[in-house]
Amino acid sequence: MPEILDIVLSASFWAAVVRIASPLIFATMGELICERAGVLNLGIEGIMIAGAFAGWLGVWLGLPLWLGVATAMVTGMAFGALHGVLTCPLGLSQHVVGLGITLLATSSASFAYRLALPRVTTPPRIEPFQPLPIPFLADIPLLGPAFFVQTPLTYLAFGVVAATALILYRTPLGLALRAVGENPQAVEAQGLSVHALRIGAVMAGSGLMAVGGAFLTLSAFNSFFFEMVNGRGWIAIALVVFGAWRPGKALLGALLFAAFDAFQIRLQPLAPAIPYQIFLMLPFLLSILALVVMSRRASVPGALMIPFNRGER
Amino acid sequence: MRLEPIANPTILRTLGFPVAALGFTTLVAMGLAALAGGAPLTVLGLMAEGAAGSQFALLETLNRATPLIFTGLAIAVAFRARLWNIGAEAQLYAGALVTAALGAGLLPWPAAVLSPTLAFLAALAGALTLLGPTILKTRFGVDEVVTTLLLNFVMLLVVSMLLEGPMKDPMALGWPQSAALIPEARLPRIAGLRLHWGFGLALLAAVATWALMTRTTLGFEMRAVGANRDAAAFAGIPVAAVLAKTALVSGGLAALAGYSEVAGAKGGLTLDLSPGFGYTGIIVAMLALLNPLGVVVTAIFVAGVFVGADSMSRAAGVPSYLADILLATALLTMVTAIMLARHRIRRG
C-alpha cells in the first residue's frame with residue numbers, strides 16, 4: 001500500500017499522465033468532431049500512423065518541428081478528404097470506407113518508410129520537442145510538473161480542446177456542425193450544404209488525429225516504429241463514447257485513461273508474479289467496460305452513420 | 001448533388017464500373033512500382049508469376065488463401081446481418097489456442113476422432129469470443145465495432161501470456177511457441193501435394209455457408225435483419241436471437257482459420273500465426289459482395305496479390321507493402337464502382 005501512495009504522490013507520475021493523454025486528446029477531439037457532424041471515422045488508426053510517419057519524415061528531412069506537425073496535419077486532412085467524399089456525397093458505408101482508409105494509410109506509411117530507408121534496422125532519430133516549463137506555474141507541487149512542464153504539443157492539445165468546445169457551442173459554424181449530425185434535413189432547409197459541412201468536419205478531425213500520431217514521433221519518442229500507434233485510435237473512439245460526445249468530458253476521459261495507463265506501468269514491478277500481459281490488457285478491458293457503462297446513457301448524434309441524400313427522407 | 005437509384009442498370013454499367021476499378025488499381029500498382037524504381041510492367045509480371053507462374057507458386061497461393069476463405073466467410077455472414085465483426089483476428093486466435101492446447105498430446109485419440117473434435121472445439125471458442133460483444137450490443141447497446149476491435153488486442157496479449165507461461169514449449173529455446181501438435185491432430189496433405197486439407201475444409205465451409213444463407217430460415221432471417229432491423233423486428237423476427245446466432249456462425253468460421261493454420265500449415269502456435277488474416281477477411285468479403293461462394297474466388301485473388309508481391313519484392317526490390325496498398329485501393333474503388341453501377345449522380 002505505501003508503494004501505491006508513493007506512485008500517486010510522485011510528480012513524475014502526474015507528468016506521465018498528461019504526456020500519455022496528449023496524443024489521445026488530439027485523436028479523441030478529431031473523432032469527436034467527425035462524429036458530431038454525423039460521420040464515424042474508422043480511418044483514425046491508420047491516419048494516426050500516417051501522421052506519425054509524415055511528421056517524423058518531414059523533420060528527418062530537415063523541416064523545423066512545427067512544420068513537421070503541419071505536414072502531419074495536411075497528410076491527415078488528405079485522408080480525411082478521401083473519407084469525406086466517399087462517405088458523404090457518395091454515401092458509401094462508413095464502416096467499410098473507414099477500415100479501408102486505415103489500411104490505405106497504414107500501408108502507405110509502411111511503403112514510404114521502406115522507400116525512404118531501404119536497409120535500416122534501427123530507425124533513425126530526430127531531435128524532438130523539449131519540455132517548456134511555464135514560469136511560476138511550473139513550481140506548483142504535483143500540478144506544476146504535470147500540466148506546466150510539458151512540450152509545446154501538449155499545451156496545444158489542451159488548446160485544441162478549448163477551441164473545439166468554443167467552436168462547437170459558441171459559433172454559428174459549430175451550431176451548423178452539430179445540426180448536421182442531428183438533423184441534416186434541417187440544415188439543408190437553411191440553405192447550407194450538408195456534404196460540404198461534413199467533408200469539412202472529417203478533414204479537420206482527420207488533421208487532428210494525424211497530429212495526435214505526430215505527437216508520438218515528435219514529442220513522446222524520437223523515431224518511427226510500425227507498431228507505435230498500437231490501438232490508440234480505437235481507444236480514442238471509445239473515449240468519444242465515454243465522453244458522451246462532449247469535448248470537456250472526453251478530455252476528462254482521456255486523462256482518466258492515461259492515469260490508469262501510467263499507474264499500471266508503475267504497478268508492474270511491484271507485482272512480478274502477475275504476467276505483464278495482464279497489465280497491458282487492462283487499458284483495453286477498461287475501455288470496453290467504460291463503453292458498457294456509458295452506453296446506457298446514450299447521447300449519440302441523431303444522424304451518426306446515416307448518409308444524407310437530397311430529396312430523401 | 002444527389003444519388004438516384006437506377007431500377008434496371010445495363011450490363012455495361014454493372015460490369016463497366018467494377019472493371020474500371022480494377023483497371024485503376026492496376027494503374028496505382030504501376031505508379032507505385034515506378035516510384036520505387038522498378039519497371040512497372042516487369043513488376044506486374046513478376047507479381048503474376050510469383051502468384052501463379054508455377055505449381056509451387058499456385059499451391060503457395062492456395063495455402064495463403066485457406067485462412068482468408070474462413071475469415072472472409074466469417075465477415076460475409078456477419079456483415080450480411082449488419083453485425084460489424086471487426087474481431088475475426090481475435091476469433092482466429094481463440095481457435096488456434098484451443099487447437100494448440102488440446103492437440104499437442106492432451107487428447108491421445110486417433111485422428112478420425114481427434115480432428116473433428118479439435119475443429120469443433122476451436123470453432124466453439126471463436127463463436128463464444130464474438131458472442132460476448134454481440135450480447136453487449138443487443139442488451140446494452142454497446143457498439144460492436146469498437147468492442148470487437150479492442151478484443152483483438154486483448155486476445156493477442158492472452159496468447160502472448162500463455163505462450164510465455166503454461167503453454168510454452170520446454171523444447172523451444174526461449175522463443176515463445178507452443179509444443180508441436182501430435183501427428184494425429186495434424187491435417188494431412190491433399191493427394192501428397194504441398195497443400196493441406198484445411199483448403200478442402202475451407203471450400204466445404206464456403207458451400208455450407210452459401211446453403212445456410214440462401215436455403216435456410218436462419219439465413220433468410222439474417223438477411224432480413226441486415227436489410228432493415230426495424231422492419232425485421234416488426235415482422236416478428238427475434239432480432240437479438242438472430243444476431244446471436246449470426247455471431248456464433250461468424251466467430252466459428254473465423255476460428256476455423258486458426259484451427260486450419262495450426263493443424264494444417266504450422267503444427268504449433270506462435271504469436272505471428274496471423275499477419276492480419278482477420279482484417280484482410282474484410283477486404284475478401286467486400287470484394288465478393290458478401291457472397292459466400294464469391295469469397296473463395298476473392299480469397300484466392302487476395303492471397304495471390306500477397307504471395308505475388310512477396311516474390312516480386314525479393315526479385316525487384318519494390319517493398320512488399322505494395323500488396324496492402326493495392327488491396328486497400330481495390331476495396332475503396334470497388335465499393336465506389338458498385339455504388340456507381342446502381343446509381344446515377346444528379347446535379348441539384
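Considering only residues in segment A:111-125 that are more than 14 Å from A:Ser223 (Cα to Cα) and part of a loop (DSSP other than H, G, I, E, B), the one that is nearest to the other protein chains (Cβ to nearest Cβ) turns out to be A:Pro118. In segment A:1-34, which residues are of a type in the set (D, E, K, R), surrounded by fewer than 24 Cβ atoms within 10 Å (Cβ to Cβ) and either modelled with pLDDT of 90 or more or within 22 Å of A:Ala157 (Cα to Cα) (or both)? Scanning segment A:1-34 gives a single hit, A:Arg19. Pairing each residue of segment B:127-154 that is within 7 Å of chain A (Cβ to nearest Cβ) and closer than 25 Å to A:Tyr276 by Cβ with any residue that is part of a loop (DSSP other than H, G, I, E, B) and not β-branched (Val, Ile, Thr), provided the two are 6+ apart or on different chains, yields C-beta distances under 7 Å for B:Leu149/B:Gly87; B:Phe153/A:Gly231. Residue count for segment B:290-320 under the criterion of being within 13 Å of another protein chain (Cβ to nearest Cβ), surrounded by fewer than 23 Cβ atoms within 10 Å (Cβ to Cβ) and not in a helix (DSSP H, G or I): the result is 4. If you take the residues in segment B:5-58 that are surrounded by 15 or more Cβ atoms within 10 Å (Cβ to Cβ) and not in a helix (DSSP H, G or I), which one is farthest from the other protein chains (Cβ to nearest Cβ)? Out of the qualifying residues, it is B:Gly53.
Within segment B:155-168, the set of residues being more than 7 Å from every other protein chain (Cβ to nearest Cβ) and more than 20 Å from B:Ser274 (Cβ to Cβ) comprises B:Pro166 only.
For B:Ile237, the criteria (1) within 30 Å of B:Gly38 (Cα to Cα); (2) free of Cβ contacts under 8 Å to residues at least 24 places away in the same chain; (3) in a loop (DSSP other than H, G, I, E, B) hold in every case but one, which is (1). Looking only at residues of segment A:98-121 that are among the β-branched types (Val, Ile, Thr) and free of Cβ contacts under 8 Å to residues at least 40 places away in the same chain, we find that the one that is surrounded by the fewest Cβ atoms within 10 Å (Cβ to Cβ) is A:Thr121. Annotation for segment A:195-212: no member residue is at pLDDT below 95 and in contact with a Phe, Trp or Tyr (Cβ under 6 Å, 6 or more places away or on another chain).
Output the residue which, of all residues in segment A:93-110 that are outside any loop (DSSP other than H, G, I, E, B) and of a type in the set (S, T, N, Q), is farthest from B:Ile283 (Cα to Cα). Per the criteria, the residue is A:Ser110. Quick check on segment B:322-338. Is at least one of its residues outside any loop (DSSP other than H, G, I, E, B), more than 14 Å from chain A (Cβ to nearest Cβ) and among the aliphatic types (A, V, I, L, M)? Scanning segment B:322-338 turns up no residue that is outside any loop (DSSP other than H, G, I, E, B), more than 14 Å from chain A (Cβ to nearest Cβ) and among the aliphatic types (A, V, I, L, M). The residue of segment A:72-92 that is farthest from B:His343 (Cα to Cα), among those that are touching a Phe, Trp or Tyr at 6+ places or on another chain (Cβ under 9 Å) and assigned to a helix (DSSP H, G or I), is A:Ala72.
Of the helices (runs of 4 or more DSSP H) lying entirely inside segment A:222-313, those containing at least 3 residues that are away from chain B (no Cβ under 13 Å) span A:247-267. With respect to the conditions (1) at pLDDT 95 or above; (2) more than 9 Å from every other protein chain (Cβ to nearest Cβ), B:Ala172 lacks only one, and its number is (1).
Inspect segment A:88-95 for any residue being within 14 Å of another protein chain (Cβ to nearest Cβ) and at positive phi and give the result as yes or no. Taking every residue of segment A:88-95 in turn, at least one turns out to be within 14 Å of another protein chain (Cβ to nearest Cβ) and at positive phi. Within segment B:257-278, the set of residues being within 14 Å of chain A (Cβ to nearest Cβ) and over 18 Å from B:Ala123 (Cα atoms) comprises B:Leu271, B:Asp272, B:Pro275, B:Gly276.
Taken over segment A:126-152, the residue count meeting the criterion of being in a loop (DSSP other than H, G, I, E, B) and acidic (Asp, Glu) is 1. Pairs linking a residue in segment A:266-281 that is at pLDDT 85 or above to a residue that is of a type in the set (D, E, K, R), with Cβ atoms under 8 Å and 6 or more positions apart or on different chains, are A:Leu270/A:Glu3; A:Pro275/B:Glu164; A:Gln277/B:Glu164. Taken over segment B:174-185, the criterion of being surrounded by 21 or more Cβ atoms within 10 Å (Cβ to Cβ) and in a loop (DSSP other than H, G, I, E, B) is satisfied by B:Leu181 alone.
Mind checking whether some residue in segment A:153-161 is touching a His at 6+ places or on another chain (Cβ under 7 Å), in a helix (DSSP H, G or I) and not basic (Lys, Arg)? No, every residue in segment A:153-161 fails to be touching a His at 6+ places or on another chain (Cβ under 7 Å), in a helix (DSSP H, G or I) and not basic (Lys, Arg). Which one is surrounded by the most Cβ atoms within 10 Å (Cβ to Cβ), of the residues in segment A:161-192 that are among the β-branched types (Val, Ile, Thr) and under 12 Å from A:Pro247 (Cβ atoms)? Only one residue fits best here, namely A:Thr164. Quick check, is B:Arg223 more than 14 Å from chain A (Cβ to nearest Cβ) and surrounded by fewer than 19 Cβ atoms within 10 Å (Cβ to Cβ)? In short, yes. Could you tell me whether B:Leu121 is within 20 Å of B:Ala100 (Cβ to Cβ), out of contact with any Pro (no Cβ under 9 Å at 6 or more places or on another chain) and part of a loop (DSSP other than H, G, I, E, B)? Taking the combined requirement at face value, the residue does not satisfy it.
Taking the criterion of being more than 14 Å from every other protein chain (Cβ to nearest Cβ), closer than 17 Å to A:Leu103 by Cα and at pLDDT 95 or above, would at least one residue in segment B:242-252 satisfy it? There is no residue in segment B:242-252 that is more than 14 Å from every other protein chain (Cβ to nearest Cβ), closer than 17 Å to A:Leu103 by Cα and at pLDDT 95 or above.
Among the residues of segment B:90-107, is there at least one that is assigned to a helix (DSSP H, G or I), touching a Leu at 6+ places or on another chain (Cβ under 8 Å), in contact (Cβ under 8 Å) with a residue 40 or more places away in the chain and more than 14 Å from B:Tyr259 (Cβ to Cβ)? Looking for residues that are assigned to a helix (DSSP H, G or I), touching a Leu at 6+ places or on another chain (Cβ under 8 Å), in contact (Cβ under 8 Å) with a residue 40 or more places away in the chain and more than 14 Å from B:Tyr259 (Cβ to Cβ), one finds at least one in segment B:90-107, hence yes.
The values are calculated or read from the model by the stated rules, or taken from the named source; none is laboratory data. The structure displayed is predicted, hence computed values, not measured ones. Cβ sites come from the backbone with ideal geometry, for glycine too, and all protein chains shown count toward neighbours.
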